[in-house]
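Just dropping this structure here.
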Amino acid sequence: MTDPLSNFCWSRLHTQYDKLCQSYLKKSQSKHGQNYLHAVRPTPPTDRDLYYWLAGHFAAVRRASTVIGWASYLAMLYWKLYSTGTSVCHQLWNGPRCQKRVQSNLASLCAALPAILPKNAHTVKQLVLSLGGNSIHGMGPCAFAVRTTFLHFFYPDIVPICDEQTLKAIGIANKDAGRHEVNLVPYFENVWDLESTYRTQTLQFTSETAVRAIEMALWITGHGGTGACH
């Protein structure tokens, strides 16, 4: 693997990431954004702040062995999808029956999640694939971006979020790369290899796990930025 982060400037990780997420502020303050984030008050001012809220909320749910509510799940969907389209969020917000079904399915899913997830790419892949059998809104066929996002918040040290831009950064740039399960194992392994390579650099971040810091750097790189220091 050609190292896509060999020239990355880690001290600028947050700055570069925030710059690419500038649309969040306007969209989150819109009527739709306020609806989809109604479980999160006050509305987080940045994409990263929403991520931190979700990470804390999912961690609390996990510790208490309770269930993610449909409204918190909606906030997670919005965080992942606001930049590319939120029709999935719209359907959940405007569908009482959908909300009830999602809540029931989330209860079953949360109860079935393993207490410990090993850092094994094939094991993680199987868990990602299994989410499709729960018929949860937003986790349909090939919706690996949403599925890995959900699992990332439960296992932030293990599961990286599978995204078109992060895949592109490691050289997987075929059409709809994020929708092909064949890319999951190499993606997980690449992220974990980079996590090992840049362990010292990622230690400076206290609000993100090393896995999250790596995928943020890859996401920046996939968008055409190098994050290089000047």
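None of the figures in this text is laboratory data; all of them are computed from the coordinates on show. Given the structure is predicted, the values throughout are model-derived calculations rather than measurements. Note that each Cβ is placed from the backbone with ideal geometry, even for glycine, and that neighbours are counted across all protein chains shown.
Place a +1 charge on the Cβ of each Lys and Arg in segment 38-128 and a -1 charge on the Cβ of each Asp and Glu, then give the dipole magnitude about the Cα centre in debye, rounded to the nearest 20.
Values: 10 positive and 2 negative charges, 43 e Å.
Using Cβ point charges on Lys, Arg, Asp and Glu, segment 38-128 gives about 200 debye.
Where is the GNM fluctuation largest for the chain (alpha-carbon springs, 10 angstrom cutoff): 79, 93, 70?
93
With +1 on each Lys and Arg Cβ and -1 on each Asp and Glu Cβ, how big is the dipole of segment 73-188 about its Cα centre, in debye rounded to the nearest 20?
Numbers: 10 positive and 5 negative charges, 51 e Å.
Using only the charged Cβ atoms, the result is roughly 240 debye.
For the chain, find the longest principal axis of its Cα atoms and tell me its angle to the long axis of helix 47-64, 0 to 90°, nearest 10.
Tilt relative to the chain: about 60 degrees.
Out of every Cα-Cα pair in the chain, what percent are more than 33 Å apart? Write out the running numbers ahead of the final one.
Details: 3156 of 26335 pairs.
When all Cα pairs of the chain are counted, 12 percent exceed 33 Å.
Using a 7 Å offset from the Cα along the Cα-to-Cβ direction at both residue 60 and residue 142, what is the distance between the two label points in nm, to one decimal?
Result: 3.8 nm between the two label points.
Largest first and to the nearest Å, give the Cα extent of segment 175-221 along each principal axis.
34, 18, 16
If you don't mind, another one. So how much slack lies between residue 174 and residue 7, counting 0.36 nm per residue of separation and subtracting their Cα-Cα distance, in nm? Display every interim value, and only then the final one.
Numbers: separation 167, 0.36 × 167 = 60.12 nm, distance 2.42 nm.
Contour length minus Cα-Cα distance gives 57.7 nm.
For the chain, how many pairs of lysine residues have a Cα-Cα distance under 29 Å, where the two are 8 or more positions apart or belong to different chains?
Qualifying lysine pairs in the chain: 23.
When every alpha-carbon pair in segment 101-230 is counted, what percent end up more than 22 Å apart? Display every interim value, and only then the final one.
Working: 3004 of 8385 pairs.
Summing the P(r) of segment 101-230 above 22 Å gives 36 percent of all pairs.
As an exercise, use a Förster radius of 25 Å and the Cβ-Cβ distance of residue 98 and residue 34 to find the FRET efficiency, rounded to the nearest 0.05. It would help to have the intermediate numbers written out before the result.
On the way: r = 19 Å, r/R0 = 0.77.
Between residue 98 and residue 34 the formula returns 0.80.
Also, quick follow-up: Build a GNM of the chain with springs between Cα atoms under 10 Å: which of 149, 15, 46 gets the top mean-square fluctuation?
Among 149, 15, 46, the largest mean-square fluctuation in the Gaussian network model of the chain belongs to 15.
Cut-off is 10 Å between beta-carbons; in what order do 158, 116 appear when sorted fewest neighbours first? Present the calculation step by step, with values, prior to reporting the outcome.
Numbers: 158 20, 116 6.
Listing 158, 116 from fewest to most nearby Cβ atoms yields 116, 158.
How much FRET efficiency would the formula 1/(1 + (r/R0)^6) give for residue 14 and residue 83, where r is the Cβ-Cβ distance and R0 is 22 Å, rounded to 0.05? Show your work: numbers first, answer last.
Values: r = 18 Å, r/R0 = 0.80.
About 0.80, to the nearest 0.05.
Let me ask another. Determine ³J(HN,Hα), in whole Hz, for all residues of segment 182-189 in sequence, where each value follows from phi through the Karplus function 6.51 cos²θ - 1.76 cosθ + 1.60 and θ = phi - 60°; x replaces Gly and Pro.
4, 8, 5, 4, x, 5, 4, 5
Could you please report the charge total around residue 28, scoring K, R as +1 and D, E as -1 over all other residues with beta-carbon less than 15 angstrom from its beta-carbon? Display every interim value, and only then the final one.
Values: positive: 26, 27, 31, 41, 48, 80; negative: 18, 47, 49.
Summing Lys/Arg as +1 and Asp/Glu as -1 gives +3.
For the residues 66, 200, 166, what sequence is obtained by ranking on other C-beta atoms within 10 Å, fewest first?
On the way: 66 11, 200 8, 166 28.
Taking fewest neighbouring Cβ atoms as first place, the list is 200, 66, 166.
Give me the distance in nm between label points sitting 7 Å out from Cα along the Cα-to-Cβ direction at residue 111 and residue 157, one decimal.
2.8 nm
Can you tell which of 6, 95, 209 lies farthest toward the positive end of the dipole of the chain, using +1 and -1 charges on the Cβ of basic and acidic side chains (Lys, Arg; Asp, Glu)?
Value computed over the given set: 95.
Throw me the Rg/Rh for segment 75-151, computed over C-alpha atoms with Kirkwood Rh, two decimals.
Numbers: Rg = 12.9 Å, Rh = 13.3 Å.
Radius of gyration over Kirkwood radius for segment 75-151 works out to 0.98.
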